[in-house]
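The values are calculated or read from the model by the stated rules, or taken from the named source; none is laboratory data. Since this is a predicted model, take the numbers as computed values, not measurements. Note that we place each Cβ from the backbone using ideal geometry, even for glycine, and neighbour counts take in every protein chain shown.
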Amino acid sequence: MHAVQTLLLTIFPVLVIAGALKDLTSFTIPNAISLALAAAFPVAAFALGLPPGVIGVSLAVGVGALVLGMGMFAAGWIGGGDAKLFAAAALWLGLPAALSYVFFTGLAGGALAVGLLGLRSGRVRAAMPAGPAWLARLAEPGENVPYGVAIALGALAAFPVSPLVAHL
């Protein structure tokens, strides 16, 4: 049974990393990734024996993150895929990990922004060798920011203190 529980816990990092990589290379996060995260949460929660109250709090955290993400999307700060990934990851993280999640996502987002500013500067772009098309697009001034990368980093940093991991 322990192997099954461990396998269920790997769903989270695999899917958030997949979302980050997809966002990094295409500036989109497929709905299937966020939907798979949301659908897998109750399976993992029940299989790991999470108490119903903790599951309810995690659901509330996920809904709150979705509302927050929708607000950030409406303000033009993040993309729709980012908002959905943010909420689906928050569902898995619950409390108290959600606080760490927001903190680490903000830090990762700041680092991502600084890195992209450097990458998109004239000097760095001029010195870049030819590479894959996604990297050239990433280095393009004025291009979008693949914030799914920051979301994934924040989620992975907070995951060890999530109720799912703590309960195991």
Test Gly76 against the stated conditions and say whether it is of a type outside the set (A, V, I, L, M), out of contact with any Pro (no Cβ under 7 Å at 6 or more places or on another chain) and in a helix (DSSP H, G or I).
no
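Report the residue count in region 116-142 for those that are touching a Lys or Arg at 6+ places or on another chain (Cβ under 6 Å) and surrounded by 12 or more Cβ atoms within 10 Å (Cβ to Cβ). Working first, answer last.
Step one: filter region 116-142 for residues touching a Lys or Arg at 6+ places or on another chain (Cβ under 6 Å), giving 139, 141.
With the extra rule that they be surrounded by 12 or more Cβ atoms within 10 Å (Cβ to Cβ), the set shrinks to 139.
So the count comes out to 1.
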Just checking, how many residues over region 53-68 are surrounded by fewer than 18 Cβ atoms within 10 Å (Cβ to Cβ) and more than 30 Å from His2 (Cα to Cα)?
3
Working only within region 124-143, note down all residues that are assigned to a helix (DSSP H, G or I), modelled with pLDDT of 85 or more and either basic (Lys, Arg) or under 15 Å from Ala113 (Cβ atoms) (or both).
Arg137, Leu138
Val149 - would you say it is within 26 Å of Ser34 (Cα to Cα) and at pLDDT below 95?
no
Of the residues Gly19, Gly71, which single one is surrounded by 14 or more Cβ atoms within 10 Å (Cβ to Cβ), touching a helix residue (DSSP H, G or I) at 6+ places or on another chain (Cβ under 9 Å), modelled with pLDDT of 95 or more and of a type outside the set (A, V, I, L, M, F, W, C)?
Gly19
Which condition from (1) buried (at least 16 other Cβ atoms within 10 Å of the Cβ); (2) part of a helix (DSSP H, G or I) is the one that Leu50 breaks?
(2)
From Leu85, Leu99, Leu117, grab the single residue that is closer than 23 Å to Ala18 by Cβ, assigned to a helix (DSSP H, G or I) and of a type outside the set (D, E, K, R).
Leu85
Members of region 1-47 found to be farther than 20 Å from Ala152 by Cα and touching a Leu at 6+ places or on another chain (Cβ under 6 Å), listed by number:
Gln5, Ala47
